[in-house]
Number of protein chains: 2
Amino acid sequence: MDHMDENPEDIMARFEELSVLETEFEEAELEILRKAEALHAPLYKKRAEFVANIPHFWTLVFEQAPPEIDNFIQPSDAKVFAECFDSFEVSRFELDDPKGSPRSFSLKFGFKENEYFEDKVLEKKFWFRRTKDWQGLVSEPVKIHWKKGKDLTSGLTDAACKLGEERKKLAADTSNGEARKKEATTKAYKELAQKIETSSDASVSFFGIFAFVSGYRWVSAEESEQVTKEDNDKLEKIKRGEEVEDDDEDEEDPQDYQEIEVFPGGDEVATIIAEDMWPNAIKYYKATFDEEEDDEELSELDVMDEDSDAENQGDSDSEVDIRALVGKGRNSAQPPAKKQRKA
Amino acid sequence: MDHMDENPEDIMARFEELSVLETEFEEAELEILRKAEALHAPLYKKRAEFVANIPHFWTLVFEQAPPEIDNFIQPSDAKVFAECFDSFEVSRFELDDPKGSPRSFSLKFGFKENEYFEDKVLEKKFWFRRTKDWQGLVSEPVKIHWKKGKDLTSGLTDAACKLGEERKKLAADTSNGEARKKEATTKAYKELAQKIETSSDASVSFFGIFAFVSGYRWVSAEESEQVTKEDNDKLEKIKRGEEVEDDDEDEEDPQDYQEIEVFPGGDEVATIIAEDMWPNAIKYYKATFDEEEDDEELSELDVMDEDSDAENQGDSDSEVDIRALVGKGRNSAQPPAKKQRKA
């Protein structure tokens with residue numbers, strides 16, 4: 001049997017059957033996520049208790065972040081992390097919510113009293129949601145109460161929050177598509193758009209991630225539930241061997257949902273933090289000391305390297321070595337990765 | 001409490017406790033792998049039965065491979081895949097073996113009668129093993145019975161197999177370290193080294209992966225078991241609060257194990273195939289048709305584009321479009337990714 005001999009109806013039928021199988025795979029993935037979380041939960045608890053006594057644990061973990069994350073941490077962000085980043089937690093807050101998804105998660109950053117912002121906790125939630133043409137993580141802008149003159153995002157997080165409020169109002173008043181069109185005409189939209197345009201993309205603070213909304217567009221819980229329901233209905237029909245209509249023609253016009261985004265790639269950054277850095281935090285922490293062992297014995301860990309420290313703190317545009325800032329001493333033998341955001 | 005106030009003994013003790021916790025995380029990961037496999041197994045079976053009736057299913061999946069894999073598939077490899085790649089299977093063959101690892105897996109490629117080699121099945125096994133300083137996947141070279149003048153690897157797989165045989169003989173006669181030193185003096189080693197040197201790194205056939213041994217060095221099951229046993233003993237001591245000796249001083253000299261490798265990165269390529277392409281094969285297969293939808297309706301799928309077909313098959317140095325080769329018609333609107341191996 002070769003593809004050339006087949007008629008389009010057979011191909012369509014096969015596609016539908018494959019979609020059913022694909023859904024079963026997706027169900028298995030979600031179940032694996034639940035089982036993984038159940039196995040990890042007691043370990044995360046144990047780890048949290050243990051690392052509460054390790055100074056700068058999470059700062060050092062983030063210092064060792066893989067390049068995909070590290071590229072987004074500016075020297076001034078690293079300074080904040082070194083001075084007051086105190087605790088960190090990832091939670092899958094919709095794990096057993098039948099309307100939610102085990103793929104949803106939140107990143108909860110805890111901070112000590114500091115000179116930058118009032119907040120002791122900054123929690124960023126990412127919801128896994130779907131539209132007819134897309135699925136992925138969306139989020140709501142999180143307000144950071146910056147102290148005067150200390151806003152590392154130069155007003156981007158504030159402006160994103162304002163637009164977020166506007167969006168909520170519009171959503172309450174109008175239909176999905178209409179609300180999106182109206183949103184782009186609001187003052188809040190224009191202000192945020194202008195701020196994004198004037199900010200240098202290469203130097204947006206890591207704290208800009210708190211303004212992240214979506215790599216596609218904002219998707220409400222209601223819309224996502226509706227789409228999921230329709231998809232399930234369609235799959236049931238296919239399973240029963242009934243015909244399903246092709247809804248290709250009512251695809252969204254990308255022009256309708258072209259949104260502005262403070263922190264493009266925020267969903268990917270968050271996913272790497274949640275899926276790699278969070279479960280592997282001890283490995284990342286220990287890697288700090290592996291680097292140091294290149295130059296010196298572990299017993300010499302506490303020796304301060306005055307030169308490298310002064311050099312790093314003196315010039316805020318240059319590379320900041322968190323280990324130096326938190327008093328872990330000298331630089332590693334290898335040159336650190338450049339803290340430049342990818343184009 | 002700050003790090004600066006601590007003494008090195010406290011830091012060492014904390015490191016040991018962290019290592020215990022890290023081991024518990026690793027145990028959880030292995031258990032997740034087992035649970036994931038149990039959930040996937042019936043789906044893989046169902047999928048295998050279903051796709052056996054879909055012409056070129058696996059060829060099309062590999063055509064849609066992510067760049068990390070695609071970069072290793074040369075135009076001549078793509079031609080072989082299009083002509084005779086028939087079935088594919090990943091299995092975790094040490095899943096419940098107390099001496100093995102759920103991280104070990106095999107890639108089993110099935111082929112139809114073809115003009116390139118005699119083999120109907122080429123199976124590549126990757127064992128997850130450890131030394132005192134390293135852990136990862138190792139493999140044994142797999143013999144491909146190339147037909148006359150058809151060896152896409154220009155003798156690399158044959159030479160790797162010869163060295164593999166030599167290694168086995170030496171391992172039977174001598175200690176680990178000694179065998180490695182002797183190996184580098186053998187005729188088989190020199191022949192393979194020379195072949196690797198003269199082959200252009202950028203154009204090694206994907207079939208070179210069957211010659212892959214290790215990203216570090218060959219590690220035997222016995223050595224890995226011994227290291228695992230020693231590690232477990234050490235952890236038990238730490239748990240009982242006993243002192244453990246620091247064995248930093250007997251680290252291996254990297255000069256001792258500098259090995260030659262036909263297919264550097266073979267472990268990473270295999271891992272992406274096993275962890276991403278294998279569970280997500282349906283998504284990759286369907287992506288073939290998403291691309292086509294850019295230009296045409298699904299119902300026009302079978303229309304052959306004579307021009308693009310002739311163009312692709314006429315020049316073996318240029319990009320080969322598997323979809324064209326297997327009769328799936330025209331190129332996508334987007335230019336295909338360049339089939340160049342990364343430096």
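Kindly evaluate A:Ala38 against the criterion of being more than 9 Å from chain B (Cβ to nearest Cβ), assigned to a helix (DSSP H, G or I) and closer than 24 Å to B:Thr23 by Cβ.
When the stated conditions are applied, A:Ala38 passes them.
For segment A:18-35, how many residues meet the condition of being more than 7 Å from chain B (Cβ to nearest Cβ) and charged (D, E, K, R)?
4
Of all residues in segment A:197-229 being without any contact (Cβ under 8 Å) to a residue 24 or more places away in the chain and part of a helix (DSSP H, G or I), which is most open to solvent (accessible area, probe 1.4 Å)?
A:Glu197
If you check A:Arg92, A:Arg14, A:Arg47, which single one turns out to be open to solvent by less than 50 Å² (accessible area, probe 1.4 Å) and away from chain B (no Cβ under 12 Å)?
A:Arg92
Can you name every residue in segment B:92-141 that is closer than 26 Å to B:Lys229 by Cα and of a type in the set (Ser, Thr, Tyr)?
Of everything in segment B:92-141, those that are closer than 26 Å to B:Lys229 by Cα and of a type in the set (Ser, Thr, Tyr) turn out to be B:Ser101, B:Ser104, B:Ser106, B:Thr131, B:Ser139.
Would a scan of segment B:50-60 turn up a residue that is among the aliphatic types (A, V, I, L, M), at the interface with chain A (Cβ under 10 Å from one of its Cβ atoms), assigned to a loop (DSSP other than H, G, I, E, B) and surrounded by 15 or more Cβ atoms within 10 Å (Cβ to Cβ)?
Yes: segment B:50-60 contains one or more residues that are among the aliphatic types (A, V, I, L, M), at the interface with chain A (Cβ under 10 Å from one of its Cβ atoms), assigned to a loop (DSSP other than H, G, I, E, B) and surrounded by 15 or more Cβ atoms within 10 Å (Cβ to Cβ).
Could you say whether any residue in segment A:278-297 is of a type in the set (Phe, Trp, Tyr), over 17 Å from A:Pro67 (Cα atoms), part of a helix (DSSP H, G or I) and at pLDDT below 60?
No, segment A:278-297 has no match at all.
Among the small types (Gly, Ala, Ser), assigned to a helix (DSSP H, G or I) and modelled with pLDDT of 95 or more - does that describe any residue in segment A:168-188?
So far as segment A:168-188 goes, no, none of its residues is among the small types (Gly, Ala, Ser), assigned to a helix (DSSP H, G or I) and modelled with pLDDT of 95 or more.
A:Ser76 - would you say it is open to solvent by 50 Å² or more (accessible area, probe 1.4 Å), more than 7 Å from chain B (Cβ to nearest Cβ) and of a type in the set (Gly, Ala, Ser)?
Yes.
So B:Trp134 clears everything in (1) of a type in the set (Phe, Trp, Tyr); (2) surrounded by fewer than 21 Cβ atoms within 10 Å (Cβ to Cβ); (3) in contact (Cβ under 8 Å) with a residue 40 or more places away in the chain; (4) closer than 23 Å to B:Lys35 by Cβ except one condition, right? Which one?
Status for B:Trp134: all satisfied but (4).
State which residue is farthest from the other protein chains (Cβ to nearest Cβ) when the search covers only segment B:265-279 and only residues that are over 14 Å from B:Phe128 (Cα atoms) and either among the β-branched types (Val, Ile, Thr) or open to solvent by 40 Å² or more (accessible area, probe 1.4 Å) (or both).
The selected residue is B:Val269.
Pick out the one residue from A:Phe111, A:Phe128 that is aromatic (Phe, Trp, Tyr) and either under 11 Å from the mean Cα position of the chain (by Cα) or open to solvent by 20 Å² or more (accessible area, probe 1.4 Å) (or both).
Being aromatic (Phe, Trp, Tyr) and either under 11 Å from the mean Cα position of the chain (by Cα) or open to solvent by 20 Å² or more (accessible area, probe 1.4 Å) (or both) holds for just one of A:Phe111, A:Phe128, which is A:Phe128.
The values are calculated or read from the model by the stated rules, or taken from the named source; none is laboratory data. Keep in mind that what you see is a predicted model, and the values were worked out from it rather than measured. Here the Cβ is made from the backbone with ideal geometry for all residues, glycine too, and neighbour counts use every protein chain on show. In case anyone asks, the SASA skips ligands and DNA or RNA and just uses the protein heavy atoms, side chains included. Shrake-Rupley method; radii C 1.70, N 1.55, O 1.52, S 1.80 Å.
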